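Okay, structure first, notes after.
The values are calculated or read from the model by the stated rules, or taken from the named source; none is laboratory data. What you are looking at is a predicted structure, and each value in this text was computed from that prediction instead of being measured. Cβ atoms come from the backbone with ideal geometry, glycine included; neighbour counts cover every protein chain shown. Remember, those area values only see protein heavy atoms, side chains included, never the ligands or the DNA or RNA. Shrake-Rupley method; radii C 1.70, N 1.55, O 1.52, S 1.80 Å.
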Amino acid sequence: MIQVLNVVKKYKGLKALDHVTLSINQGEIFGLLGPNGAGKTTALRVMSLLLKPDSGEIIINGTKRNEKNLRGVQGLLGVCPQEIALYSELSVKDNLLFFGMMGGLRRREAVERAQILMEKVDLEEKAREKVSQLSGGMKRRLNIAVSIIHNPMVLFMDEPTVGVDPRTRTSIFSLLHGFKENGMTIIYTTHYMEEADRLCDRVAVMDRGRIIALDTPEALKSSFDPLKHISLEEVYLRLTE
């Protein structure tokens, strides 16, 4: 689904991404792990076509990134940022309709998708409430819903569970498993190793702009301890120390 080939991205002469190469399969939840400044968010922005690499190639669903096809390929993607990206004075439903039509849906399609998604994220009873009146967990769930209202093939999520309570976190996990079962590819950054171990089919550990390990959580744990008496967090700490 996504191929990243020898990608370099520099900021003020420093390499945020240093010849990164990886492939992400359709229908998998792929985790990007690493300390602050490792390059995770830059990798996410480059793969989601929000940022142009200095060199290298991004291929999505068999199509290379270029300026001519940028908008068409972006239509296959959804982005759920760490920050709440909603209009606080609009209602839940109006936020969904706005982002749906911005994503290319006709109003009738947007209304239908909004209704489906409000049910999925358990916000149907809050349809007419302003976002400013919602709890933090509700805003998180709506943040996810607006990112997929145009029914993307790929969803990029940048630390979507920061600051949420355990019940909301479990609800988000359930949503993501449902998306995966429907064939969506999910790229997920997190600082919570337990989340990555629980959710991700494969993870890449980044440090200083490079990928230093890439495998399933189970295989990474086995590489340090064949009996798997080690947590993914311990593996991560050893790799990045």
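For segment 52-63, a residue qualifies if it is open to solvent by 30 Å² or more (accessible area, probe 1.4 Å), in contact with a helix residue (DSSP H, G or I) (Cβ under 9 Å, 6 or more places away or on another chain) and not hydroxyl-bearing (Ser, Thr, Tyr), and the qualifying residues are Lys52, Gly56, Asn61. Within segment 36-51, being open to solvent by less than 40 Å² (accessible area, probe 1.4 Å) and either hydroxyl-bearing (Ser, Thr, Tyr) or closer than 27 Å to Glu233 by Cβ (or both) holds for Ala38, Gly39, Lys40, Thr42, Ala43, Leu44, Val46, Met47, Ser48. Could you tell me whether any residue of segment 5-21 is open to solvent by 30 Å² or more (accessible area, probe 1.4 Å), free of Cβ contacts under 8 Å to residues at least 60 places away in the same chain, at positive phi and not in a loop (DSSP other than H, G, I, E, B)? Yes. Glu28: touching a residue at least 40 places away in the same chain (Cβ under 8 Å), open to solvent by less than 60 Å² (accessible area, probe 1.4 Å), on the phi < 0 side of the Ramachandran plot and out of contact with any Gly (no Cβ under 7 Å at 6 or more places or on another chain), yes or no? Taking the combined requirement at face value, the residue satisfies it.
Can you name the residue in segment 53-82 that is assigned to a loop (DSSP other than H, G, I, E, B) and without any contact (Cβ under 8 Å) to a residue 12 or more places away in the chain and, of all such residues, is nearest to Val8 (Cα to Cα)? So, considering only residues that are assigned to a loop (DSSP other than H, G, I, E, B) and without any contact (Cβ under 8 Å) to a residue 12 or more places away in the chain, the one nearest to Val8 (Cα to Cα) is Asn66.
Residues are listed down the side, and each one gets a yes or a no for (1) open to solvent by 30 Å² or more (accessible area, probe 1.4 Å); (2) at pLDDT 95 or above; (3) touching a strand residue (DSSP E or B) at 6+ places or on another chain (Cβ under 6 Å):
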{"residue": "Gly136", "(1), (2), (3)": "yes, no, no"}
{"residue": "Met153", "(1), (2), (3)": "yes, no, no"}
{"residue": "Asp158", "(1), (2), (3)": "no, no, yes"}
{"residue": "Arg169", "(1), (2), (3)": "yes, no, no"}
{"residue": "Phe179", "(1), (2), (3)": "no, no, no"}
{"residue": "Tyr188", "(1), (2), (3)": "no, no, yes"}
{"residue": "Glu194", "(1), (2), (3)": "yes, no, no"}
{"residue": "Arg198", "(1), (2), (3)": "yes, no, no"}
{"residue": "Glu218", "(1), (2), (3)": "yes, no, no"}
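Taking segment 112-129 as the region of interest, how many residues are surrounded by fewer than 16 Cβ atoms within 10 Å (Cβ to Cβ) and of a type outside the set (Asp, Glu)? So the answer is 4. Pairing each residue of segment 111-128 that is in a helix (DSSP H, G or I) with any residue that is among the small types (Gly, Ala, Ser) and buried (at least 20 other Cβ atoms within 10 Å of the Cβ), provided the two are 6+ apart or on different chains, yields C-beta distances under 7 Å for Arg113/Gly100; Ala114/Gly100; Leu117/Ala145. The condition (being under 21 Å from Phe179 (Cβ atoms), touching a helix residue (DSSP H, G or I) at 6+ places or on another chain (Cβ under 6 Å) and assigned to a strand (DSSP E or B)) is satisfied by just one residue among Leu32, Leu49: Leu32.
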